[in-house]
Each structure stands twice: as C-alpha cells, then as structure tokens.
Amino acid sequence: MAKQIERMNISAFKRYIEHSEQSTYIEVPFQMPEHVEEIRVSYQVESHGDDAAKAVIDLGVRDAERVRGWSGGARQEFSIGPNQATPGYLPGRLAPGDWAILHNAYKVPAQGCTVTIEIEFTYKTSRWLKGDLHTHSVHSDGTYTLEENAAMMESLGCDFIAMTDHNTNSQNLAYPRGTSVLMIPGTEFTTNYGHSNFLGVTSPMDDFRVSEISDVHEKFRVARERGAKIVLNHTHCDNCPWEWDFEVDYDWVEIWNGPWREHNKRALSWWQEQLVTGRRLVAVGGSDVHRPDTYVKHAMPCVWVWTDEKTVESLLKGIAEGHVVITYSPDGPFANLQCGEYGIGDQVPYKQADHEVVVQLDDLIAGDQIRLYSERGLEEETSADSDGGVTLTFNAKQRRFLRAEVWRSFKQADGMSMAVVTNPIYFESK
C-alpha cells in the first residue's frame, strides 16, 4: 500500500489522407487495452504540396458499440475517464477491444495531408484517494452550493466528496460535472433518534418518516436493496446520538465526526470493544460540514481509501474491505500498516510465518505520540523525536488485529488530540 505510482504508455499513429478522400469519414483503428482508467488523445495535421490550401480534419472517437464523442474541428485533443470527459465526449468505462479515432476529411489539399495521432493510456493502479464522506449543502440545512463544496475539496487536493443532505436526494441529481472531484451520491437518513448515511445510490428511500425501530429496519432494507452502503453517524454524540438499537443492518460506523471531541473518544472506545469481540467493523469519518465555521471544515477529518480506480464503486469497495485511514486533515500526517503483501483491512493467513508488521508514519512532528492497539489493548506507545517519517516494527504473532493511532498537541484542543487512526490489519487464528 505504497503511495500512487502512475502507469501509462503512449501510442502514436499516422494516417495519410488523399485528396480523393475529401468529404468522407475515416477510421484509425486502435486496441483499447485492459485496465485503462483514462485516455488522452491529441492530433496534428500536416498539409502537403506547395498550394496554400490548409487541411481541415475533424476529430472524434468510437468504442466497440457507439460513438463516444465528437468535437469536429473545434479541438486538437480530448480525454475520457470513468467519471469525466472533455465536453462533447462521454465519460464511462473504457472497455477493452476495438476502438477507433474518427476523422471527417472536411478539406484535403490536392497533394493530401498526414494526420499524426497520439493516444496516452493511463492504467488503473492501486493508490490512496482522499476525501470527505459526510457533507451538507443548500439542498438541506447547509449554506454551501454543490459547486462551492466541490471547489473547496478541489482546492484541498481531495479526490472525492459524499453529498449527504438530510432526508433528500435532490443534491444527487444536481452535482457539478466540471470538477475533478468524484461526487459520491448520498443521503443522511435523519430521525429523531439517530442519523445514518446511505452512500452510493441516487435515491435510497422514498419516504424518510419513521416512528419505531421496525420502520428503521424497513428503511435500511430498502436502501440496501437499492445498493446503498449504510453508515451509523456520530453514534455517541451529545446532541443526536444513535438511540435506536445497534441490531440494525449497517455496514460501517463513523467514529470521527468533525473536530476531535469527547463524543468521538466514546465512539472510538466503543469501536475498539467491537473489534475485541472479533467483529471486523470498518471505521470511517466525516466533517459534517454545513457552513463556514472556525472549526468544522471540509475534509476535517479526511478519509483515505486504498483503491485501484477513481469511481464510486471502487471507492465503496475499498471502504468495505477496510482499506481506510482517517487523518485530521488532507495534509496528514499519515500512517500505514504492512505485513508482507498484506495491508490495512487485509487478513494475514495463519500459515504466514512472519507476522512482523511494518508501521510507516509520514509527516510527523516532534512530540507526536504513536500508539499501537490490538485486542489486548494498548500494545506500544512511543513519541516522535523529530519531524518527518518514522518506521516501527511490531511482532503480531498471536494477535487477532493491530491498528495505529497518532496523537498530536494542538493549540485549539488545549492538549493532545487525534491526528491519525487506521483501521486494523487482521490475523487469521489457527
């Protein structure tokens, strides 16, 4: 689970176009390889002959099933990815197979012209993506527009944002498309006795009103049937804790809501208790940002997800697999756990002889406290004696899990406060 290493290659094609081909459509075939996340296409036209006529060659592309975009003579390049594309082109899956660059030979000199095409393939590669899983907008009781939320996340260098307005899904139908930030559809199912996020689907429920626990079970059933992932939010907060029972059918728990406070400590302790019982419950966080505030800010906390593609499906899959680290801000610090080829969220087979876990911590400052926890409780505590990175090793033999925390002294908190918490790496028992 190292930082991202981008994989790409570039293919170049030349096509001579004769004057006799003027006013015809021309295809330049190419093979879309497997595991491509994005393509970028550019082209240049070289006219031949001594006459002053300039070639005009239009541009487009098709996949194996349909035309995926057309820009005529308006653009010299375009890109297509799973969520975004140059205007005039359709984002979506880049299915491997027979594709072709499309040209309209609108005007060709008497002695012809040559089109040079360059295609850059960026491949899917596993990396950490970061963002916010709990935000609000003008679609409920927030003051930020969706465009403002996206712009804020983009300025922070974040990759995704979940739009979780209260008991509505209109935000999921109005998200801005001109942004590099992946918009995860969501709704905060808000009741008088607790809140939960439904993530990943545009319309997880038709009616939010409930009066008893059986109604809650029904809302969860419908949301799950429609494909939503379900998060119990700020379960131990003072104002709106989860007061329904915990026997509902949920996926993840929000242990870090907004600035680190006492209710987050209670949620952390409760989560640790669940892990000790043998439950593999994924912990997430979210800013719960509504409006400009001195302390409640976008991506504070920030959720990092290890995934191989920047899509809603891949992100939610990464969270479901427990590949999650939560940091107090998008700038870190950061902590990672690795045991051989296994990382955060993975289960290390019992037969693996070496259970030594490498704990890599980055962007620490002197005085940061590093704590390692297992089902036995606090296993090890040490302090960073300088700024930068720290590498620790821990023999996790006869442990069921190991997770890491980093605590830091913040002036605003008047003492030590959480800076990083990882989900566990697990160990198979005999």
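Restricted to the stretch 1-47, and to residues that are open to solvent by less than 50 Å² (accessible area, probe 1.4 Å) and assigned to a loop (DSSP other than H, G, I, E, B), which residue is modelled with the highest pLDDT?
Looking at the filtered set, the residue picked out is Pro33.
I'd like to verify a number: residues in the stretch 399-425 that are open to solvent by less than 30 Å² (accessible area, probe 1.4 Å) and in contact (Cβ under 8 Å) with a residue 12 or more places away in the chain, how many? Spell out how you get there, then give the answer.
Step one: list which residues in the stretch 399-425 are open to solvent by less than 30 Å² (accessible area, probe 1.4 Å), which gives 401-408, 415, 417-425.
Among the residues that remain, those that are also in contact (Cβ under 8 Å) with a residue 12 or more places away in the chain are: 401-408, 417-425.
Within the stretch 399-425, residues that are open to solvent by less than 30 Å² (accessible area, probe 1.4 Å) and in contact (Cβ under 8 Å) with a residue 12 or more places away in the chain number 17.
Find all pairs meeting these conditions: Cβ atoms under 9 angstrom apart; at least six residues apart or on different chains; first residue within the stretch 327-348 and more than 20 Å from Ala419 (Cβ to Cβ) and part of a loop (DSSP other than H, G, I, E, B); second residue open to solvent by 10 Å² or more (accessible area, probe 1.4 Å) and among the polar types (S, T, N, Q).
Within 9 Å, the pairs are Gly340/Gln352.
Just wondering, is there one or more residues in the stretch 245-261 that are open to solvent by 30 Å² or more (accessible area, probe 1.4 Å), more than 22 Å from Lys130 (Cβ to Cβ), among the aromatic types (Phe, Trp, Tyr) and not in a helix (DSSP H, G or I)?
So far as the stretch 245-261 goes, yes, one or more of its residues are open to solvent by 30 Å² or more (accessible area, probe 1.4 Å), more than 22 Å from Lys130 (Cβ to Cβ), among the aromatic types (Phe, Trp, Tyr) and not in a helix (DSSP H, G or I).
For the list (1) within 30 Å of Thr307 (Cβ to Cβ); (2) part of a strand (DSSP E or B), I need the number of the one condition that Glu65 fails.
With respect to (1) within 30 Å of Thr307 (Cβ to Cβ); (2) part of a strand (DSSP E or B), Glu65 is out only on (2).
Scan Val390, Val406, Val358 and give me the residue that is under 19 Å from Phe427 (Cβ atoms) and either outside any loop (DSSP other than H, G, I, E, B) or among the small types (Gly, Ala, Ser) (or both).
Details: Val390 fails: under 19 Å from Phe427 (Cβ atoms); Val406 fails: under 19 Å from Phe427 (Cβ atoms).
Of the residues listed, the single one that is under 19 Å from Phe427 (Cβ atoms) and either outside any loop (DSSP other than H, G, I, E, B) or among the small types (Gly, Ala, Ser) (or both) is Val358.
What number of residues within the stretch 111-132 are hydroxyl-bearing (Ser, Thr, Tyr), assigned to a strand (DSSP E or B) and open to solvent by 20 Å² or more (accessible area, probe 1.4 Å)?
Going through the stretch 111-132, the residues hydroxyl-bearing (Ser, Thr, Tyr) turn out to be 114, 116, 122-123, 125-126.
Still in the list and also assigned to a strand (DSSP E or B): 114, 116, 122-123.
Restricting the remaining residues to those that are open to solvent by 20 Å² or more (accessible area, probe 1.4 Å) gives 114, 116, 123.
Final tally of qualifying residues: 3.
Would you point out which residue out of Ala396, Ala353 is surrounded by 14 or more Cβ atoms within 10 Å (Cβ to Cβ) and closer than 24 Å to Gly340 by Cβ?
Values: Ala353 fails: surrounded by 14 or more Cβ atoms within 10 Å (Cβ to Cβ).
Selected residue: Ala396, the only one of Ala396, Ala353 that is surrounded by 14 or more Cβ atoms within 10 Å (Cβ to Cβ) and closer than 24 Å to Gly340 by Cβ.
Please name all residue pairs, on different chains or six or more residues apart, with Cβ atoms under 6 Å, provided the first residue is in the stretch 251-265 and is farther than 14 Å from Lys297 by Cα and the second residue is in a loop (DSSP other than H, G, I, E, B) and acidic (Asp, Glu).
His263/Asp238
Take the stretch 152-176 and flag every residue that is buried (at least 16 other Cβ atoms within 10 Å of the Cβ) and farther than 22 Å from Phe189 by Cα.
Within the stretch 152-176, Met152, Met153, Leu156, Cys158, Asp159 qualify.
Residue check, Tyr193 against (1) within 18 Å of Phe160 (Cβ to Cβ); (2) touching a residue at least 40 places away in the same chain (Cβ under 8 Å), all met but one. Which one?
Here Tyr193 clears every test but (1).
Specify the residue that is most open to solvent (accessible area, probe 1.4 Å); the eligible residues are those in the stretch 195-243 that are over 25 Å from Val312 (Cβ atoms) and of a type in the set (Ser, Thr, Tyr).
Ser211
Would you please list the contacts, defined by Cβ atoms under 9 Å and residues six or more apart or on different chains, that run from a residue in the stretch 53-67 that is over 12 Å from Leu102 (Cα atoms) and free of Cβ contacts under 8 Å to residues at least 40 places away in the same chain to a residue that is open to solvent by 70 Å² or more (accessible area, probe 1.4 Å) and assigned to a strand (DSSP E or B)?
Hits for this filter: Ala64/Asp98.
Right, Asn149: touching a Leu at 6+ places or on another chain (Cβ under 8 Å), buried (at least 17 other Cβ atoms within 10 Å of the Cβ), in contact (Cβ under 8 Å) with a residue 60 or more places away in the chain and of a type outside the set (Gly, Ala, Ser) or not? Talk me through it step by step, then tell me what you get.
On the way: touching a Leu at 6+ places or on another chain (Cβ under 8 Å): no; buried (at least 17 other Cβ atoms within 10 Å of the Cβ): yes; in contact (Cβ under 8 Å) with a residue 60 or more places away in the chain: yes; of a type outside the set (Gly, Ala, Ser): yes.
Answer is no for this residue.
Would you be able to say whether some residue in the stretch 332-342 is at pLDDT below 95 and under 21 Å from Asn257 (Cβ atoms)?
Yes, that holds for at least one residue.
The values are calculated or read from the model by the stated rules, or taken from the named source; none is laboratory data. Please read all numbers here as calculations on a predicted model, not as lab measurements. With ideal geometry, Cβ positions are generated from the backbone for all residues, glycine too; neighbour counts draw on all protein chains shown. The protein model used for the area step is the full one, side chains on, heavy atoms only, and it has no ligands, DNA or RNA in it. Shrake-Rupley method; radii C 1.70, N 1.55, O 1.52, S 1.80 Å.
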